[in-house]
Amino acid sequence: MAHCVVPEAEEILDKEYPVLDKGFVRLVDYFGGDQRIVQSARVSYGEGTKTVSQDAALIDYLLRHQHTSPFEQVVMTFHLKMPIFVARQWVRHRTGRMNEVSGRYSIMKDEFYVPEPDKVQPQSTNNKQGRADEAFEADKAKAVIEKLEQGQKAAYDNYSELLDEGLAREIARINLPLSLYTEFYWEMDLHNLFHFLKLRLDSHAQYEIRVYAQIILEICKKVAPMATESFINHMNEGVTFSGEEMEALRKIMAGEENPLEGKKLERFNEKIKTGIQL
């Protein structure tokens, strides 16, 4: 099979999808699509794949049974613009390849993330690393936003003055805040990209990275629609149970008492609740 061209993906190459107040996602390039996954699987498994008559069924089978290597044949390259604090979460996914704008060589732009009022929320009382569901009242949110903007302006004014005084760019940048926007190219294969999306689409993920993941999911639907549909069905909207939890399910279905207790019971009930909601 020659170079795999996906017409839907070709149509969105270099299209800029706005994210947050000043960010964006662009698909710069891609390699392969659903047909590449199918071709790779059939080369690997030979006669064993002939019982699966349709490409969608084969892809679904591969993902459902965690035969991941064919999905690694599909690669996407993105141009991303996001606040630095989002980028610092992003780079934790070390299976991607990344090249970021350098504040040593370039003068950083006067662009900072300012949240919308409905995203100015207090610290959660039951989640040490997240915000509460409800936002501050309008006056409080406005006051918070004004403080953020004042701090950003002061930091950038100071940065500009230091540059004008001849200070090296690599030193002048060090007081710039995490809300500053950065840009980078990011490349990842589809198997690892699905893992990224599974984590970053979760409702517990920070809002500011979740909105980027939502856009990337839509782009994946263009490049590899059948694989992405299987991902949504089995990984993103599916629920898995441990061996203990499966035994508990069997006992409950048999009319027996649930043997799980404490934290194990809490986690089990949360999975059941999530499955019902999905």
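The values are calculated or read from the model by the stated rules, or taken from the named source; none is laboratory data. In this text, all values refer to a predicted model and were calculated from it rather than measured experimentally. Neighbour counts are summed over all protein chains in view; Cβ atoms, including those assigned to glycine, are modelled from backbone coordinates with ideal geometry. Surface areas here come from the heavy atoms of the whole protein model, side chains and all, with no ligands, DNA or RNA. Shrake-Rupley method; radii C 1.70, N 1.55, O 1.52, S 1.80 Å.
For Thr125, the accessible surface of its heavy atoms amounts to roughly 140 Å² (probe 1.4 Å, protein chains only, rounded to the nearest 10).
A 1.4 Å probe over all protein chains sorts Ile171, Ile216, Ile145 by accessible area into Ile171, Ile145, Ile216, starting with the largest.
The lysines within cross-link reach of Lys81, meaning a Cα-to-Cα straight distance under 27 Å and a gap of 8 or more places when in the same chain, are Lys15, Lys22, Lys109, Lys119, Lys142, Lys147, Lys153, Lys198, Lys221, Lys222. Using the Karplus relation 6.51 cos²θ - 1.76 cosθ + 1.60 with θ = phi - 60°, the per-residue 3J(HN,Hα) values for the stretch 168-182 come to 4, 4, 5, 8, 4, 6, 5, 9, 5, x, 5, 7, 4, 7, 10 Hz, with x marking Gly and Pro. When the Cα positions of Leu199, Gly23, Gln150 are compared along the charge dipole of the chain, Leu199 comes out farthest toward the positive end, with charges on each C-beta of Lys, Arg, Asp and Glu. Can you find, among Ala213, Leu58, Tyr181, the residue farthest towards the positive end of the dipole of the chain? Put +1 on the C-beta of Lys and Arg, -1 on that of Asp and Glu. Farthest along the dipole direction, towards plus: Leu58.
Using only Cα atoms, tell me the angle between helix 262-277 and the longest principal axis of the chain; keep it within 0 to 90° and round to the nearest 10. Helix 262-277 sits at roughly 90 degrees to that axis. Relative protection proxy for 220-230, 152-162, 245-255, 71-81, from highest mean packing down: 220-230, 71-81, 152-162, 245-255 (other beta-carbon atoms within 10 angstrom). Over the chain, DSSP H runs of length four or greater, each weighted -39,500 (n - 2.57), average out per residue to a 222 nm ellipticity of -14000 deg cm²/dmol.
Going by accessible surface with a 1.4 Å probe and the largest first, Met188, Met98 read Met98, Met188.
Cα convex hull, the chain: 170 Å³ per residue, rounded to a whole number. Using Cβ point charges alone (K and R +1, D and E -1), the dipole size of the chain about the Cα centre works out to roughly 600 debye.
Quote the Stokes-Einstein diffusion coefficient, in whole µm² s⁻¹, for the stretch 1-141, based on the Kirkwood radius over alpha carbon pairs, a temperature of 20 °C and a viscosity of 1.002 mPa s. After rounding, the answer is 111 µm²/s. Rolling a 1.4 angstrom probe over the stretch 1-133 with all protein chains present gives an accessible area of which 48% lies on carbon and sulfur atoms.
A 1.4 Å probe, protein heavy atoms only, puts the accessible area of Lys119 near 60 Å².
Using only Cα atoms and rounding to the nearest 10 degrees, what angle (0 to 90) does helix 207-223 make with the longest principal axis of the chain? For helix 207-223, the angle is close to 50 degrees.
Can you tell me the 0 to 90 degree angle between the C-alpha axis of helix 138-164 and the longest principal axis of the chain, rounded to 10? The angle comes out at about 60 degrees. At a probe radius of 1.4 angstrom, the accessible area of the chain per residue rounds to 59 square angstrom. With a 1.4 Å probe and every protein chain kept in, tell me what percent of the accessible surface of the stretch 224-278 is carbon plus sulfur. Percent of accessible area from carbon and sulfur atoms in the stretch 224-278: 53. Taking only alpha carbon atoms, the stretch 168-235 gives an Rg to Rh ratio of 1.13, where Rh is the Kirkwood radius.
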